[in-house]
Amino acid sequence: MSAEDYAVTPHPQAATAEERAGLMAAPVFGEVFTDHVARATWTPDAGWGHRRIEPFADLSLHPGATVLHYGQQVFEGLKAYRWADGSIRLFRPEANAARMAASAVRLSLPPVPEDDFLASIEALVRVDQEWVPDEGEASLYLRPLLIGTEPSLAVRPSRRVEYMLLACPVGSYFSGGVKPVSIWVAQGFHRAGAGGTGQAKTAGNYAASMQPQQQAQDHGCDQVLFLDARDDRYIEELGGMNVFAVRRDGSVWTPRITGTILEGVTRASVIELLRAAGREVVERDIALDELRAGIEDGSVVEAFACGTAAVVTPIARLVSPDFDVLVGDGGAGAVTSWLRETLTDIQYGRADDALGWMRRVL
Ligand SMILES: Cc1ncc(COP(=O)(O)O)c(C=O)c1O
């Protein structure tokens, strides 16, 4: 499969250069979309087919479509970066392809093969290349998704599935420099249980995270931290980011992958970068009590969250009804800052891509 397999119907009223510049000047995350969308359709008999690039438009969807009733959906999130030489690169898209395929299997949706996934991105980025920002830490956020579209209220896997790829120019996640975040420990809510869908990137996980996220905001915090559902004791992840703690002895800890945590591409990359730099990285169960005690006695000197959207973000405070602790001095620590810089330097082509993570699409 290659980008040529996606038949292009150009948008009859694509944005003019001036309109585009206005839209891209200060885009709110996920609210500005490019002119086109990549699509493909799956049926049990034909498999994946009807690959196309279409003008971006509202969908026509049967009100009985499976996704609207039973949430049969999975999605991904990755970015395209413009380098100083004008070329456009993706960061580890094969990892997103693999995770989307795994999510699809969990939701009984047909996986999109890796070459097809990559071809759809290349095809869309070619057509909408002018939408890839060239300044600062801006990028083109890519949102692939799969939805069950069969018009049937039967509770069984949809016999018609649509793949779509949307793209949004996004600015730096933090305008005016990286802002350390405060974290609220979810009270009475869990993100995922054993055997559930925690390891899949599927809409329902995010729908269920909004009430606990609101709880965090009601307590003056930016993000919610989930504990494990079995013991209500071990830290898992934030609503949309993985978490790490840097210890005074130089080692770095992060919750191990248990099946209830989304395995972040950024998380895996951070682990590789730290290990390549000679640091010990420990993936283990981390009790909230242990983390809190470490922050209080100074054995934990930094904490950070990481994900595609915000890259690496310092955690300033950990808050629950029982405590409110400041991590280090509440600012960005040395390891956190180094990781953020190292990753973004690779993504924007300012540093050698020694680990071979960047894939050129144009
Ligand atoms: C629940 C959750 N955890 C972790 C992450 C970080 O994953 P990645 O680094 O692949 O963006 C995300 C974002 O995709 C997420 O939604």
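Bear in mind that the values in this text are calculations on the coordinates, not laboratory data. Remember, it's a predicted structure, so these values are computed and weren't measured experimentally. No Cβ is skipped: glycine too gets one built from the backbone with ideal geometry, and neighbour counts run over all protein chains shown.
Here are a few things to note about the model shown:
- Centre separation in Å (Cα based) which lies between segment 252-273 and segment 293-314: 13
- Here's how it looks for Ala351: its modeled amide H is under 5 Å from those of Ile346, which are all 5 or more places away or on a different chain.
- Summed side-chain charge close to Trp253 - residues other than Trp253 whose Cβ falls under 9 Å, Lys, Arg +1, Asp, Glu -1: +1
- Electrostatic bookkeeping for Asp85 treats Lys and Arg as +1 and Asp and Glu as -1; over the other residues with beta carbon under 13 Å from its beta carbon, the sum is +3.
- DSSP beta bridges in segment 153-282 [antiparallel fraction, %, rounded to 5]: 45
- Helix-only [θ]222 nm of the chain, DSSP H runs n ≥ 4, -39500 (n - 2.57) each, per residue, nearest 500: -8000 deg cm²/dmol
- Within the listed set Val281, Val301, Val28, the Gaussian network model of the chain (springs between alpha-carbon atoms below 10 Å) gives the highest mean-square fluctuation for Val28.
- Note that the chain carries a Kirkwood radius of 21.5 Å, evaluated over its alpha carbons pair by pair.
- Summing charges over all other residues whose Cβ lies under 12 Å from the Cβ of Pro157, with Lys and Arg as +1 and Asp and Glu as -1, gives +3.
- Most fluctuating residue given options Pro63, Pro93, Pro110, as computed from a GNM of the chain linking Cα atoms under 10 Å: Pro63
- GNM top mover of Gly250, Gly77, Gly171 - the chain, alpha-carbon springs below 10 Å: Gly250
- Segment 105-260: C-alpha gyration tensor shape, a/c 1.5 cut-off, then a/b vs b/c: oblate
- When DSSP beta bridges are restricted to pairs lying wholly in the chain, around 80% turn out antiparallel.
- Cleavage-rule hits (trypsin sites (Lys or Arg not before Pro)) in segment 229-321: DSSP loop, at most 13 neighbouring Cβ within 10 angstrom: Arg230, Arg233, Arg248, Arg256
- Shape category assigned to segment 141-199 from the gyration tensor of Cα positions, a/c cut at 1.5: oblate
- Look at the alpha carbon pairs under 8 Å that are at least 6 residues apart: their mean separation over the length of the chain gives a relative contact order of 18 percent.
- Principal semi-axes in Å for segment 181-347 [√(5λ), Cα gyration tensor, largest first]: 23, 19, 15
- Kirkwood hydrodynamic radius of segment 1-76, from inverse mean 1/r over distinct Cα pairs, in Å: 15.2
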